[in-house]
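Taken together, the values in this text are just the output of simple stated rules run on the coordinates, not laboratory data. This is a predicted model, so every value here is computed, not measured. Cβ: placed from backbone, ideal geometry, glycine included. Neighbour counts: every protein chain shown.
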Amino acid sequence: MKILLKQNIIHSYRIIIPQILTEQYPKGLGPTVPELGAEGLKPHTKTSFSMLTESVESSLKSLGDPQQVILCGIEAQACIACTTYDLLERGMEVHIVADAVSSRSQTDRLFALSRLKQSGAFLTGICIQLLLCSCSDLSSFIFCTQIQKLLAHPSPDTGLLAFFSSL
């Protein structure tokens with residue numbers, strides 16, 4: 001389920017947003033699974049929880065030092081959290097696609113997302129793609145048409161609603 005959501009995000013963002021892929025210690029943990037659909041993206045290897053390695057920072061500079069970031073990935077309480085804190089510390093606006101991040105347990109995921117929201121990150125669903133369609137020029141129209149095709153089928157329930165009802 002999470003792979004399908006992340007694959008959907010990767011394919012839709014690839015249309016208009018530059019992407020950076022990191023892999024946590026691929027020699028020991030293995031490479032990014034092909035089901036993710038990240039072919040063509042050069043992975044940045046990391047051994048720390050934060051994705052802000054020297055090579056990623058170099059990539060960000062080459063992209064013009066963007067001020068907004070959209071995150072998805074695994075281990076919300078570790079990699080997503082550390083990356084978010086590093087990005088927020090740099091003054092960046094961080095959007096976390098809550099239904100495209102995971103943890104070893106739903107409890108870890110819930111508490112991590114709650115802490116990240118309290119720290120200043122924006123939590124969103126896969127619907128963040130629709131926010132990218134706010135412009136009215138032709139390229140945005142083409143992008144929105146492609147996004148509509150990707151979103152034609154409802155996303156599977158990730159189980160977060162029941163947890164967030166108590167927040």
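Lys and Arg at +1, Asp and Glu at -1: add these up for the other residues within a Cβ distance under 15 Å of SER50 and post the number. Counting the neighbours of SER50, the net charge comes to -4.
The length gained by stretching the chain between GLN67 and ARG90 to full extension, at 0.36 nm per residue less their Cα-Cα distance, is 7.4 nm. Label-to-label distance for THR53 and ARG115 is 2.3 nm, based on points extended 7 Å past Cα in the beta-carbon direction.
Take the Cα of THR107, step 7 Å toward its Cβ, do the same at VAL33, and the gap between the two points is 2.4 nm.
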